[in-house]
1. What is the order of 44, 194, fewest Cβ neighbours within 10 Å to most?
2. In what order do 184, 209 fall by count of nearby beta-carbon atoms within 10 Å, going from fewest to most?
3. Would you calculate the separation in nanometres between label points at residue 90 and residue 65, each defined as 7 Å from the Cα along the Cα-to-beta-carbon direction?
4. Note the full-extension length gain between residue 175 and residue 17 as 0.36 nm times their separation in residues minus their Cα-Cα distance, in nm to one decimal.
5. Just the Cα atoms of segment 121-200, one point each, no solvent: what log10 I(q)/I(0) does Debye give at q = 0.12, 0.21 Å⁻¹?
6. What is the gain in length, in nm to one decimal, between residue 183 and residue 3 on full extension, counting 0.36 nm per residue of separation less the C-alpha to C-alpha distance?
7. Ranking 53, 79 by Cβ neighbours within 10 Å, fewest first, what do you get?
Amino acid sequence: MRFIRRFEELLLDMFDQGLLNGTTHACIGQEADAVAVVDHLGDDDHIFSNHRCHGHFLARTGDALGLMTEIMGKPEGVCGGIGGSQHLHAPGFMSNGVQGGIVPNAAGIALAKQLSGGAGLSVVFIGDGTLGEGATYEALNLASLWKLPLVVVLEDNGWAQSTPSSATLAGSARDRFTAFGLAVFEIDSTDVQDIALLAGRALARNGAVTLNANTVSFAACGATAGAGGVPPPFPPASVPTLPDLAKWVLFAVLLGGGGYLVSRRTRAASNN
Ligand SMILES: Cc1ncc(C[n+]2csc(CCOP(=O)(O)OP(=O)(O)O)c2C)c(N)n1
Ligand SMILES: [Mg+2]
């Protein structure tokens with residue numbers, strides 16, 4: 001836990017110096033969840049994590065150099081410097097910044113384990129701000145119905161990054177899981193031993209289960225920009241150059257506008 005804390009404190013310091021590539025989200029305050037859960041996992045288990053994934057990654061792999069170089073955008077990074085802070089991959093580990101998108105992924109791996117008769121669990125860490133994402137509930141429904149070896153770890157820090165969750169969430173988190181018949185293990189603690197004890201009980205259950213860890217976040221909610229993450233100024237101070245136009249199109253595509261452009265073009269073509 002101390003190692004994860006120091007790693008991220010250094011990271012935030014480096015961010016301030018402009019040494020990092022893109023966005024970074026620290027899990028400062030939440031380290032115990034990662035350590036307590038991962039302590040129970042073995043080689044057969046898979047972990048899926050979200051935008052706040054450094055603690056989960058370090059607890060799982062211990063690969064601090066691979067992570068640091070990744071966030072610095074260097075080829076030595078675990079994903080060749082392309083994934084950055086949020087999009088990491090290692091044996092038995094994957095993280096993705098698309099909120100809620102990892103829950104169907106994790107359920108899919110759980111299904112693969114079940115169908116192949118393989119051992120192991122699929123464990124997915126999500127935040128309370130992700131409880132508004134519809135894909136999460138499709139996955140919970142099937143995971144419960146098919147009794148998949150899926151463990152959802154909800155890290156409830158009361159925030160959706162920088163928005164109080166009270167401003168976005170109706171009802172209770174627990175009810176969202178019990179509605180699908182999932183067993184809920186819940187704890188209000190940042191004590192790693194307490195969480196590990198409950199995590200052990202949750203992970204020992206057959207079928208889909210959730211561990212709701214009510215925690216606190218001491219980190220700056222997120223830090224954006226850095227060496228390679230800044231789009232060109234818009235509107236431009238002068239007539240845009242061709243490279244500027246190319247960069248805007250690239251950013252539009254990266255931010256999801258590409259799908260819109262493509263679908264417009266496809267629709268136009270099909271209308272003709
Ligand atoms: C599909 C999608 N919508 C919006 C975002 C932008 N976004 C990044 S983090 C975040 C809030 C996340 O809240 P939570 O899951 O509670 O995690 P926390 O930041 O509190 O750790 C949002 C809305 C995103 N990454 N993905
Ligand atoms: Mg949150």
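1. 44, 194
2. The order, fewest Cβ neighbours first, is 184, 209.
3. 1.3 nm
4. Fully extending the segment from residue 175 to residue 17 adds 52.5 nm.
5. Ignoring solvent entirely, the Cα scatterers give -0.36, -1.09.
6. Working it through step by step, the gained length comes to 61.6 nm.
7. Result, fewest neighbours first: 79, 53.
Since every read-out is calculated from the coordinates, none of them should be taken as a lab result. Here the structure is a predicted model, which means the values were calculated and not measured. Quick reminder, even Gly has a Cβ in these numbers, built from the backbone with ideal geometry, and neighbours come from all protein chains shown.
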